[in-house]
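This report concerns only the one structure given below.
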Amino acid sequence: MWKTLRITLLLLILVIVAGRTWLDRVETQSWKNTLWVGIFPFNADGSPQVQKYIASLSATDFANIETFFEREAHRFGVQLEQPIHIELYPQGGQLPPQLNAEAGPLGVMWWSLKLRWFAMHATHVSGRTPPRIRLFVLYHDPTSLRVVPDSHGLQKGLMGVVHAFALKEMAGSNNIVITHELMHTLGATDKYDLRTGAPIYPAGFGEPDRQPLYPQPNAEIMAARRALSTTDFEMPSNLRDVVVGSVTADEIRWTHR
Ligand SMILES: [Zn+2]
């Protein structure tokens with residue numbers, strides 16, 4: 001009797017979670033209403049430099065992410081005038097749980113559960129509408145760290161952890177990383193070689209039909225780098241030089257509606 005009850009309860013929770021995930025997906029891929037995206041900045045290393053940088057941030061620093069979504073969504077025939085709205089929230093104190101670089105599938109699952117728990121508490125700001133998608137942006141001092149840890153965007157739970165450099169000159173490429181992770185939360189998959197970082201042809205190319213193929217003028221957002229030749233590629237410094245490819249557009253349901 002106890003066993004049956006336990007199994008029933010467990011099944012019920014699973015059904016609720018699956019239903020919630022399904023609803024989230026339908027809602028964030030309908031493109032009928034403007035999607036609210038919250039940016040929650042964090043001081044990753046506790047340095048005064050990063051603190052100063054975060055204090056200087058305003059919503060306008062992220063405005064070109066909105067422009068990027070407008071431009072690209074309209075190119076694929078989405079009617080909605082403003083697909084996403086970015087809202088900047090106050091700086092968070094306690095940092096989100098870190099994902100160990102060597103974590104296996106179980107480790108990733110455990111981390112995403114901890115992140116959900118963290119998000120439930122960390123994103124409540126009184127007097128402010130909670131966003132649909134939550135992006136935790138961890139700023140690092142570029143003088144003490146040459147390469148930031150990997151960023152992650154999760155469709156399940158609609159949240160992401162982004163590592164960025166606290167430097168005005170890097171704001172353009174930070175916004176590319178933020179947009180890439182935001183795209184993951186909407187259901188887009190990576191389109192670069194995970195070992196080399198090279199854009200995958202044709203899905204990871206901004207203009208796969210271009211003649212000659214190289215150099216590509218734009219990067220595809222889920223490849224994040226534009227191919228200059230068969231062996232060279234680079235990350236643009238601004239979302240102006242980034243596009244959404246047709247495979248990504250399909251994945252986030254900008255097409256086949
Ligand atoms: Zn990615």
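What to note about this one:
- Cα Rg, Dmax, the stretch 121-257, angstrom units: 16.0, 54
- For the chain, the number of Lys pairs with C-alpha atoms closer than 22 Å, counting only pairs eight or more positions apart or on separate chains, is 4.
- Estimated D of the chain in µm² per second, where Rh is the Kirkwood radius over Cα pairs and Stokes-Einstein applies at 37 °C, 0.692 mPa s: 169 µm²/s
- Two-decimal log10 I(q)/I(0) for the stretch 74-126, as the Debye equation yields it once each C-alpha is a single scatterer, q = 0.13, 0.16, 0.29, 0.31 Å⁻¹: -0.57, -0.71, -1.15, -1.24
- For the chain, calculated [θ]222 nm from helices alone, where every DSSP H run of n ≥ 4 adds -39500 (n - 2.57): -11000 deg cm²/dmol
- Volume per residue that the Cα convex hull of the stretch 132-173 spans, once the total is divided by residue count, Å³: 76 Å³
- A probe of 1.4 angstrom, applied to the heavy atoms of all protein chains, finds D232 with accessible area near 80 square angstrom.
- Positive-end extreme of charge dipole, the chain - chosen from A227, H121, Q155 (charges on Cβ): H121
- Mean separation of Cα contacts under 8 Å (6+ apart) over length of the chain, as relative contact order %: 18 percent
- Peptide packing: for 21-27, 124-130, 104-110, the average count of neighbouring Cβ atoms within 10 Å per residue gives the ranking 21-27, 104-110, 124-130, highest mean first.
- The Cα atoms of the stretch 65-155 define a convex hull whose projected area, averaged across directions, is 8.6 nm².
- Think of the stretch 17-87 as a dipole: +1 on every Lys or Arg Cβ, -1 on every Asp or Glu Cβ, centred on the Cα centre; then among Q82, V17, S56, V17 lies furthest on the positive end.
- Note that the stretch 1-136 shows a convex hull volume over its alpha carbon atoms of 179 Å³ per residue.
- Sorting the segments 74-80, 242-248 by their mean number of nearby beta carbons within 10 angstrom, highest to lowest, gives 242-248, 74-80.
The values are calculated or read from the model by the stated rules, or taken from the named source; none is laboratory data. Please read all numbers here as calculations on a predicted model, not as lab measurements. Cβ atoms come from the backbone with ideal geometry, glycine included; neighbour counts cover every protein chain shown. Please note that ligands, DNA and RNA were not included when accessible areas were found on the heavy atoms of the full protein model with its side chains. Shrake-Rupley method; radii C 1.70, N 1.55, O 1.52, S 1.80 Å.
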